[in-house]
Every structure is written in C-alpha cells, then in structure tokens.
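Q: Got a structure for you, questions after.
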Amino acid sequence: MTSADGIRVKICGLTRPEDVAAAAAAGAHYAGLVFYARSPRAVGVDLARDLALAAPVGLAKVALLVDAEDAALDAIVARVPLDMLQLHGHESPERVAEIRARYGLPVMKAVGVARAEDLPQLDAYARVADQILVDAKAPKDAALPGGNGLAFDWRLIAGRRWPVPWMLAGGLAPQNVAQAVAMTGTRQLDVSSGVETAPGQKSADLIRAFVAAARDLARAPAVPRL
C-alpha cells in the first residue's frame, strides 16, 4: 500500500469492512470513523472496533468526534485501536491540548473556513494540535459540522502554511483533486461525500478514482516556471 506517492488521502466516514478494504487497496493513508450520532456515517464503538481491527498496517485509524465529553472518549479509546483523534466540534484550544495530553494520541483539529476572518483560528489551533484540517464552514442551518459536500474559496489559503501538517477537506471529489492541490498546495486531502453514491454509502470505484487522481498528480513532472 502506498500513500498516493506523496499526497496523503483520508477516506472519512467508513462504515463497512469492504469500505476499509477499498481504502487500503486504493492506497489511502487514513481511514476515518465517525462517532457522531446525527451523521449518516456514524458508527458505534463495537462496529468501529471491528473496522479498526480489519484495517491493515499502514492505514491510520482516525476517530472523528464532535464536542465529545471525557466519558465518551474514554469508552472509545479503551475499545477501539486508534492512531489519531479528529476534533470536529467547537473544542477550544485548551480543550484540544487537554484531550491530547489525556489520551496520548495525536490530535487533528478541524477548522471551518468561509471568510478571511476565519483564518486566525487556524493559527491558534496549529499551536496545540498535531495537525489541522481546513474544512468548509458548515452553513448555520446544517445538521452536520462536516461531510456536507461543500467547498470554500480555496484562494483564501493559497500559499499559507502552518507549523504542523494540514489537510484540506470540503467538496472534494475525484474530478477536482488537481485543482485543489494546485490552488492550495496541500499535500493531504480528506474526502467523504465525494466518494459516495448516497450519504454514508461509499463506492470502491470512487475511492480508487480519488486516490488515483492524487497519485497521478504527485507523479506528474513539474512544470518549469518562466
């Protein structure tokens, strides 16, 4: 298994063993498991454990959590073999640091972006998280904090860098991978609805196409700058 030859891909919202197998076979680097009951991609602790145990070595298991309390986190971490926690709620920088210290796992903090005014949050969380996820800010009436298939104006983060690795999410699909990387310079991509045939229904063909698009882009020869 490769990691898209330099561009790492996270397939989020996996709910079936065959989805995990498809992500691994395609060459994804991360497998996302959603612990948020309102999501069509939600998994319980027992199913998440089975999915995590089915993941081959090299496929990092990431738990997506939304404003989870310690009791819920304790139960998940105790039962599910995880490699990273992804915080996708309104967790403060202090809460991110607390969770990171409590569980001894790398923490990725998702930050929703819609306007330039949202960008300072990325700097604040980059000081306490191991990675940041730059996502489209959910609309005010959205039921979910992410996974809505929406993109933001990628020009807002063009040329920006942070002191920790970062990942681009929001509205990604096989057909816009090249544009996303060209506009933002990201080396990590997170996709969920963009590789589904219906909410929560992953497609092995779309997963393959997405990772292949990242791999082909990474292998493309550099264009000389004039």
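The values are calculated or read from the model by the stated rules, or taken from the named source; none is laboratory data. Just so it is clear, the structure is predicted and the values come from calculations on it, not from any experiment. Ideal geometry is used to build each Cβ from the backbone, glycine not excepted, and the neighbour counts take in all protein chains shown. With ligands, DNA and RNA removed, areas are computed over all heavy atoms of the protein, side chains included. Shrake-Rupley method; radii C 1.70, N 1.55, O 1.52, S 1.80 Å.
Q: Under a plain spin-label model, where a point goes 7 Å from the Cα along Cα-to-Cβ, how far apart in nm are VAL57 and ARG79?
A: Going from the VAL57 label point to the ARG79 one covers 2.8 nm.
Q: All other residues with a Cβ under 14 Å from the Cβ of HIS88 taken together, and with Lys, Arg as +1 and Asp, Glu as -1, what is their net charge?
A: Within the 14 Å Cβ shell, the charges total +2.
Q: What longest region of the chain stays clear of trypsin sites (Lys or Arg not before Pro) that DSSP places outside H, G, I, E and B and that have at most 11 other Cβ atoms within 10 Å?
A: Here the longest run is 39-114.
Q: Measuring from a point 7 Å past the Cα of ALA124 along Cα-to-C-beta, which residues in region 68-96 have an amide N at less than 18 Å?
A: What the label zone holds, given the 18 Å backbone N cut-off, is 68, 87-96.
Q: Which of PRO120, PRO40, PRO174 moves most in a GNM of the chain, Cα contacts under 10 Å?
A: Comparing PRO120, PRO40, PRO174 in a Gaussian network model of the chain, the most mobile one is PRO120.
Q: A further question on this structure: Would you pull out the residues with amide H under 5 Å of LEU64's amide H, same chain only if 5 or more places away, H placed 1.01 Å from N?
A: LEU33, VAL34, PHE35, GLN86
Q: Relative contact order of the chain: what whole-number percent is it, with Cα pairs under 8 angstrom and at least 6 residues apart? Each step should come with its number before you reach the end.
A: Working: 453 pairs, mean separation 46.6, N = 226.
It rounds to 21 percent for the chain.
Q: Related question: For LEU105 and ARG16 in one chain, what is 0.36 nm times their gap in residues minus the Cα-Cα distance, to one decimal in nm?
A: 29.6 nm
Q: Could you tell me which of rounded, prolate or oblate describes region 1-119, using a ≥ b ≥ c as the square roots of the eigenvalues of the alpha-carbon gyration tensor, with rounded for a/c under 1.5 and, failing that, prolate when a/b is larger than b/c and oblate otherwise?
A: It is oblate, given that a/c is not under 1.5 and a/b is not larger than b/c.
Q: Additional query: Taking K and R as +1 and D and E as -1, what net charge do the other residues with C-beta under 9 Å from the C-beta of GLN188 add up to?
A: +2
Q: Between LEU156 and ALA212, what is the label-to-label distance in nm when each label sits 7 Å out along the Cα-to-Cβ direction?
A: 3.3 nm
Q: In addition: Compute the accessible area per residue over region 1-101, keeping the other protein chains in place, probe 1.4 Å, unit Å².
A: Per-residue accessible area for region 1-101 comes out at 41 Å².
Q: Over the chain, what per residue volume does the convex hull of the Cα atoms give, in whole Å³?
A: Given the Cα convex hull of the chain, per-residue volume reads 117 Å³.
Q: So what are the three principal axis dimensions of region 4-68 from its Cα atoms, in whole Å, longest to shortest?
A: In descending order, the Cα extents are 34, 21, 17 Å.
Q: Mind checking which of ALA28, ALA213, ALA37 has the largest fluctuation in a GNM of the chain, springs on alpha carbons under 10 Å?
A: ALA37
Q: How large a share of the accessible area of region 27-87, in percent, is made up of carbon and sulfur atoms when the probe is 1.4 Å and the other protein chains stay in place?
A: On region 27-87, the fraction of accessible area on carbon and sulfur atoms equals 55 percent.
Q: Another one. Counting DSSP beta bridges in the chain, what percent are antiparallel, to the nearest 5?
A: 5 percent
Q: Between ALA116, ALA204, ALA63, where does the largest GNM mean-square fluctuation fall for the chain, given springs only between Cα atoms within less than 10 Å?
A: Comparing ALA116, ALA204, ALA63 in the GNM, the peak value goes to ALA116.
Q: Applying 1/(1 + (r/R0)^6) with R0 = 30 Å to the Cβ-Cβ distance of GLU117 and LEU47, what FRET efficiency is obtained, to the nearest 0.05?
A: Working: r = 39 Å, r/R0 = 1.29.
So, using R0 = 30 Å, E works out to roughly 0.20.
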